[in-house]
Amino acid sequence: MSIHLKSILALATALSLWAAGASAETMHIFWKDLRPEGQAVAEDAGLPMIAAKLPDHGETLSPGLQDKTIQIAGYALPVDRDGDLVYQFLLVPWTGACSHMPTPPSNQIVLVTPAHPYKMSQAYQSVAVTGALKADMEKSQLFILDGVSVIQSGYSVRRAEVIGVDTVPDAVTLPVNSPWTFLNKKKN
């Protein structure tokens, strides 16, 4: 084998090992990981789980996740869009959050800025977001049918990689007697 070919193979091997190491550093987290230990989950607090039902109003974050590369799945609610291209969105744990239902606690909302505009066919599209998580309170204006709502997110991910997913593993399913059951999404 020529020295040139050996160098190319060595470089390819090093790059594949580096890529494997980089993906191994990504923490796959769930919505519960964004709450402090002991804080009620949606099912325990009663849906809709709103900040007013929590002693800390949902403003206690998980600082152990600061600057960690994470991947989390949820539902995208566009904040800044042009047609079907979305430049910024709120990632929430259930469909209807923030626009059809009361807003979840801040520690259950992630403000996402994709690395590249994300093509979204509908609000509350299920997506997985990968990137460096920042624990910081930030307010966004959300334009909904009956006006503008200011939503406070507890986390943000900038320059995020966003992919569509079929399911959100830890999604909150609305109870059968909820007036918002039409928002429960079933994928075929």
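Listing for the model above:
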read-out	value
Criterion violated by ALA123 - all others in (1) surrounded by 15 or more Cβ atoms within 10 Å (Cβ to Cβ); (2) at pLDDT below 90; (3) within 22 Å of ASP33 (Cβ to Cβ) satisfied	(3)
Residues located in the range 34-78, provided they are modelled with pLDDT under 90 and not in a loop (DSSP other than H, G, I, E, B)	ALA42, GLU43, ASP44, ALA45, ALA51, ALA52, LYS53, PRO63, GLY64
Number of the exception - VAL86 against (1) open to solvent by less than 10 Å² (accessible area, probe 1.4 Å); (2) under 20 Å from PRO169 (Cβ atoms); (3) of a type in the set (A, V, I, L, M, F, W, C)	(2)
Residue within the range 72-84 that is basic (Lys, Arg) and touching a residue at least 60 places away in the same chain (Cβ under 8 Å) present	no
Inter-residue pairs, beta-carbon under 8 Å, first among the charged types (D, E, K, R) and in the range 85-98, second open to solvent by less than 10 Å² (accessible area, probe 1.4 Å), 6+ apart	none
Every residue from the range 143-168 that is part of a loop (DSSP other than H, G, I, E, B) and open to solvent by 100 Å² or more (accessible area, probe 1.4 Å)	LEU145, ASP146, ASP166
Unique residue being surrounded by fewer than 20 Cβ atoms within 10 Å (Cβ to Cβ) and touching a residue at least 24 places away in the same chain (Cβ under 8 Å) when the list is LYS134, LYS139	LYS134
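The values are calculated or read from the model by the stated rules, or taken from the named source; none is laboratory data. Here the structure is a predicted model, which is why all the values come from computation and not from measurement. Don't worry about glycine lacking a Cβ; one is built from the backbone with ideal geometry, like all the others, and counts go over all protein chains shown. In case anyone asks, the SASA skips ligands and DNA or RNA and just uses the protein heavy atoms, side chains included. Shrake-Rupley method; radii C 1.70, N 1.55, O 1.52, S 1.80 Å.
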